[in-house]
Every structure is written in structure tokens, then in C-alpha cells.
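First up is the structure itself, then whatever we jot down about it.
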Amino acid sequence: MVGLNELSEEIARKILSSPREVKKIIQIFLEEVVDEVRRGEEVKIAGFGTFYLKTQKEKRIREVRSGRLIEIPKRERFAFRPSSKIKWK
């Protein structure tokens, strides 16, 4: 797994910049994406994909131990749909 530190070091090496600056730019970018999605906007990055909120329907499930039905309310979750250019074949 690649973390933020490894990613920022690799990008910094490629653009001849400091890893600290690159890390800050990545953090700001991610914060902006999350803020826009929370406001209900889709964030589309050409050639990469789309970040959006996905609404999951409410549902009923049966509790295994007691056998009673439990209602799970609808909720929104953060989702990502990759561009067709990066989908695995």
C-alpha cells in the first residue's frame, strides 16, 4: 500500500520539488474534493474518474441471533466511479 508520504515523495522527485510542499498540495486537493461532494456536487477529473455522493436505499435485515427484523435507514456515502480510460480489462 502506498501512503501519502510515499506518494508525495515520488511526485516531488518527478517535479523536482519538496515532498513537504507536494504533500500539502495533495491534502488541499483532497479537502476540496470532499467539500464539493458534501455540497452535493460531482467532481469529475478527466481521464481519472468522478467522485460523488451515492444514496443507499433503506432496507430491512433479519438479526441472526433473535430473528427479528431491523430497519436500516437510507444514507449517503462517498463514492468513486473510475474513468473508462483506467478501468481494468
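Of the GluC sites (Glu not before Pro) found in region 33-89, the ones in coil according to DSSP and having at most 12 other Cβ atoms within 10 Å of their Cβ are Glu42, Glu58, Glu63. The calculated 222 nm mean residue ellipticity attributable to helices in the chain amounts to -12000 deg cm²/dmol, summing -39500 (n - 2.57) over DSSP H runs of n ≥ 4 and dividing by all residues.
May I ask you to sort Leu30, Leu16 by Cβ crowding, counting other Cβ atoms within 10 Å and putting the fewest first?
If I rank by nearby Cβ atoms, fewest first, I get Leu16, Leu30.
Annotation for region 60-89: chymotrypsin sites (Phe, Trp or Tyr not before Pro) lying in DSSP loop with at most 13 further Cβ atoms inside 10 Å of their Cβ are Trp88.
The residues Val33, Val2, when put in order of fewest to most other Cβ atoms within 10 Å, stand as Val2, Val33. Between Arg20 and Glu76, the simple spin-label model (points 7 angstrom out along Cα→Cβ) gives 3.7 nm. The local environment of Ile28, defined by Cβ-Cβ distances under 12 Å, has a net charge of -2 under the rule Lys, Arg +1 and Asp, Glu -1. When the Cα gyration tensor is reduced to axis lengths a ≥ b ≥ c, the ratio a/c is 1.5 or higher for region 42-89, and with a/b above b/c it is classed as prolate. Taking the inverse of the mean 1/r over every pair of distinct Cα atoms in the chain gives a Kirkwood hydrodynamic radius of 16.3 Å. Between Gln56 and Glu6, the C-beta separation translates, for a Förster distance of 30 Å, into a calculated FRET efficiency of about 0.40. In this structure, the residue pairs whose Cα-Cα separation is over 26 Å, taken from Lys24/Lys85; Lys14/Lys54; Lys14/Lys85; Lys59/Lys85, are Lys24/Lys85; Lys14/Lys54; Lys59/Lys85.
Read-outs throughout are calculated quantities, based only on the coordinates presented, and are distinct from any laboratory measurement. What you are looking at is a predicted structure, and each value in this text was computed from that prediction instead of being measured. Ideal geometry is used to build each Cβ from the backbone, glycine not excepted, and the neighbour counts take in all protein chains shown.
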